[in-house]
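Enquirer: First the structure, which I've put down as structure tokens, then a few questions once you've had a look.
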Amino acid sequence: MKSAYDIIRRPVVTEQSMDAVADKKYVFMVAVDANKVEIKRAVEEIFGVKVRKVNTIRMQGKQKRTGSYPMGRRAAYKKAYVQLAEDSKTIEFFEGMV
């Protein structure tokens with residue numbers, strides 16, 4: 001069985017994701033084989049919050065040139081958009097970044 005730290009890889013810190021923090025929406029990179037139920041349980045376990053909704057998107061890796069070699073490819077990954085419940089506390093990790 002996967003642990004919560006195997007499912008949640010890292011937070012996504014971009015301008016767009018930081019603007020959504022005010023609405024209690026957070027973005028995480030997650031394991032490609034994780035489903036929404038596993039992501040919800042992992043976020044609730046790690047951060048001690050109550051999750052209302054989880055949306056996921058699979059991102060294909062981009063093709064990149066590697067000098068004179070043939071085209072290479074970046075790895076594919078999965079992102080999870082997590083909406084917290086209204087009565088839930090915020091995630092303290094993101095507090096200093098907003």
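Enquirer: Is it true that residue 68 is under 11 Å from the mean Cα position of the chain (by Cα) and without any contact (Cβ under 8 Å) to a residue 40 or more places away in the chain?
Expert: No: the conditions fail for residue 68.
Enquirer: Next up: So in region 15-44, with the set limited to residues that are closer than 22 Å to residue 86 by Cβ and among the charged types (D, E, K, R), which one is surrounded by the fewest Cβ atoms within 10 Å (Cβ to Cβ)?
Expert: 23
Readers should treat all values here as calculations from the given coordinates under stated rules, not as data from a laboratory. Note that the structure is predicted; figures quoted are calculated from it, not measured. FYI the Cβ positions are ideal-geometry reconstructions off the backbone, even for glycines, and counts take in every protein chain you see.
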